[in-house]
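Here the structure comes first, spelled out in structure tokens, and everything after it is commentary.
Just so it is clear, none of the values below were taken in a lab; they were calculated from the coordinates. What you see is a predicted model; the values in this text were computed from it and never measured. Methodologically, a virtual Cβ is constructed for each residue, glycine included, from the backbone with ideal geometry; neighbour enumeration extends over all protein chains shown.
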Amino acid sequence: MKGKKMNRFLLAAIALGVTACAGPSQINDDKVFFEFDSAVISDDARDELESQALYMKKNPDVNIILEGHCDERGSTEYNLALGALRAGNAAHVIIADGIEPERIKTISYGKERPQYPGTGEEVWALNRNATTKVVDAE
């Protein structure tokens, strides 16, 4: 009996592992986050973006817009430029993972369209992101 239970456990673990490697079921509104005053892609962000690339490989009809967002600090011009860098750097990771550049557009909203209302470090950290939006293929 003990052996049968172990075999079932191993089969379940293998099945879960295969599912975990299959990639996300959708990527719309997925976000990667950035440190203050930075457009550097972290290891966690890279993993998320590579997961999005895997999804796009499995769904060749999916195109995306990467939106660059910033917190409310700094000038409008500075944050528009920083948001563009964030979206562009996120796009480069997905492209480097084999997705055609024409399937990705970028836009910067800087601090002009905060996704989370309020002020303070917790809210600012959430607003420092690149958000993936799925769009219809052209």
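How big is the charge dipole of segment 54-98 about its Cα centre, in debye rounded to the nearest 20, if each Lys and Arg gets +1 on its Cβ and each Asp and Glu gets -1 on its Cβ? Taking the Cα centre of segment 54-98 as origin, the dipole is about 200 debye. Backbone amide hydrogens, once placed in the peptide plane, bring GLU72 within less than 5 Å of nothing, excluding anything fewer than 5 places away on its chain.
Between the amide H of LYS105 and those of ILE64, ILE65, LEU66, distances stay under 5 Å, these residues lying 5 or more places away or on another chain, with hydrogens modeled in the peptide plane.
Could you go through segment 71-80 in sequence order and give the Karplus-derived ³J(HN,Hα) for each residue, using 6.51 cos²θ - 1.76 cosθ + 1.60 with θ = phi - 60°, rounded to whole Hz, and x for Gly and Pro? These are the phi-based 3J(HN,Hα) values: 7, 6, 7, x, 6, 4, 4, 4, 5, 5 Hz. Listed by chain and number, the aspartates and glutamates placed with their C-alpha closer than 15 angstrom to that of LYS31 are ASP43, ASP44, ASP47, GLU48, GLU50, GLU67, ASP71; residues fewer than eight positions away on the same chain are left out.
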